[in-house]
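Notes follow once the structure below has been shown.
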Amino acid sequence: PDNSFVLRFSKSILRKLVHHTLKSYDLVLVTNSIQAEKLKSMFPEIHGCLKVVENGISRVRLEGLDKTRKIIQQRSESVRRPYRVSSVGNVGMSFHVETLIHTAAKLPSDDFEFYIVGDGTQLNKAKKLVRNKDLKNIHFIGQLDWNALGKYYSQSDLLYLQVHPDYNTSRPVRLYEYLATGLPLILADNGEAREFALKFDNVFNIEPC
């Protein structure tokens, strides 16, 4: 962020340092085409040694989600229960989970439940906001082992992923997991993640924040 002199000064120094050191590398790897274009425009001299190696998750992880996908497909919808919205992954600045909390405050708690699965630098801030709003329909699950994660995917009705505009050159790894479940996905993003996700069915794109 640019809201203080110290942060602006630090960013300026770091940018100069990166610019200087990039010239000495034989190869620079980025995870998507948006990052590649941004680097090319900022540092034209690295054109000849810039490669895109896309993010992804392991084959074992994707195959592990196959069982979860089958459970979701076979699930009975005849039992009345609250509609479950889940956000899974690191609770950091880039995902700005406060938007989901403000949404939960506007919806009837008897009809909607929200699960925030994961840990991160913004978790305590999110919990404090939930306490201040006295919300009973948001559940913080914390960090889970991969093998326990399928339970929350299979019990969800909708998955939510937001990428704050300051980080819109990223394509979060959790996006691959979300798509593999086959569940409907609300993606709040206007960058790289949107370009990738909209190639798939059941993805609903909205403006972030």
Exercise. Got a sec to turn the phi values of region 137-151 into Karplus ³J(HN,Hα) couplings, 6.51 cos²θ - 1.76 cosθ + 1.60 with θ = phi - 60°, whole Hz, x for Gly and Pro?
Worked result: 9, 10, 10, 8, 8, x, 6, 10, 5, 3, 5, 8, 6, x, 4
Exercise. Hey, if you put +1 on the Cβ of every Lys and Arg and -1 on every Asp and Glu Cβ in the chain, which of Pro208, Tyr25, Cys49 ends up farthest toward the positive end of that dipole?
Worked result: Tyr25
Exercise. Which cross-chain or sequence-distant (5 or more) residues have an amide H under 5 Å from the amide H of Leu50, H modelled 1.01 Å from N in plane?
Worked result: Val28
Problem set entry | Long-range HN-HN contacts of His139 with modeled amide H, under 5 Å | Phe114, Tyr115, Ile116
Exercise. Could you give me the ³J(HN,Hα) list for region 91-105, computed from phi with Karplus coefficients 6.51, -1.76, 1.60 and θ = phi - 60°, whole Hz, x at Gly and Pro?
Worked result: 8, x, 5, 5, 9, 6, 5, 4, 4, 5, 5, 5, 5, 4, 5
Exercise. Mind listing the phi-derived Karplus ³J(HN,Hα) values for region 3-8, rounded to whole Hz, using 6.51, -1.76 and 1.60 with θ = phi - 60°, and x for any glycine or proline?
Worked result: 8, 8, 4, 4, 5, 5
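Using only C-alpha positions, report the orientation-averaged shadow area of the convex hull of the chain, nm², one decimal.
Averaged projected area of the chain's Cα convex hull equals 13.9 nm².
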Problem set entry | Heavy-atom surface of region 58-209, accessible at 1.4 Å and reported per residue (Å²) | 54 Å²
Exercise. If you add up the charges near Gly191, with Lys and Arg at +1 and Asp and Glu at -1, over every other residue whose beta carbon is less than 13 angstrom from its beta carbon, what do you get?
Worked result: -3
Seminar exercise, completed: On each of the three principal axes the extent of the alpha-carbon atoms of region 115-209, given in whole Å and largest first, is 37, 31, 20
Seminar exercise, completed: The answer for Asn205, listing residues at least 5 apart or on another chain whose modeled amide H is closer than 5 Å to its amide H, is Leu187
Problem set entry | Ellipticity estimate at 222 nm from DSSP helix runs (n ≥ 4, -39,500 (n - 2.57)) divided over the chain, nearest 500 | -12500 deg cm²/dmol
Problem set entry | Percent carbon-and-sulfur accessible area, the chain, ignoring ligands, DNA and RNA, probe 1.4 Å | 54 percent
For this session: Rank-order 30-43, 181-194, 55-68 by packing density, defined as the average count of other C-beta atoms within 10 Å over each peptide's residues, highest first.
Result: 181-194, 30-43, 55-68
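Counting other Cβ atoms within 10 Å, keep those with at most 16, restrict to DSSP loop, and tell me which chymotrypsin sites (Phe, Trp or Tyr not before Pro) in region 112-209 are left.
Listed in order of number, the matching sites are Phe200.
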Problem set entry | All lysines inside 19 Å of Lys38 as judged from Cα atoms, apart from same-chain residues fewer than 8 positions distant | Lys11, Lys16, Lys23, Lys51
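The values are calculated or read from the model by the stated rules, or taken from the named source; none is laboratory data. Because the structure is a prediction, the values reported are computed rather than measured. A quick note on method: Cβ atoms are made from the backbone with ideal geometry, for glycine too, and the neighbour counts reach across all protein chains shown. Protein only, heavy atoms only, side chains kept; ligands, DNA and RNA dropped before computing areas. Shrake-Rupley method; radii C 1.70, N 1.55, O 1.52, S 1.80 Å.
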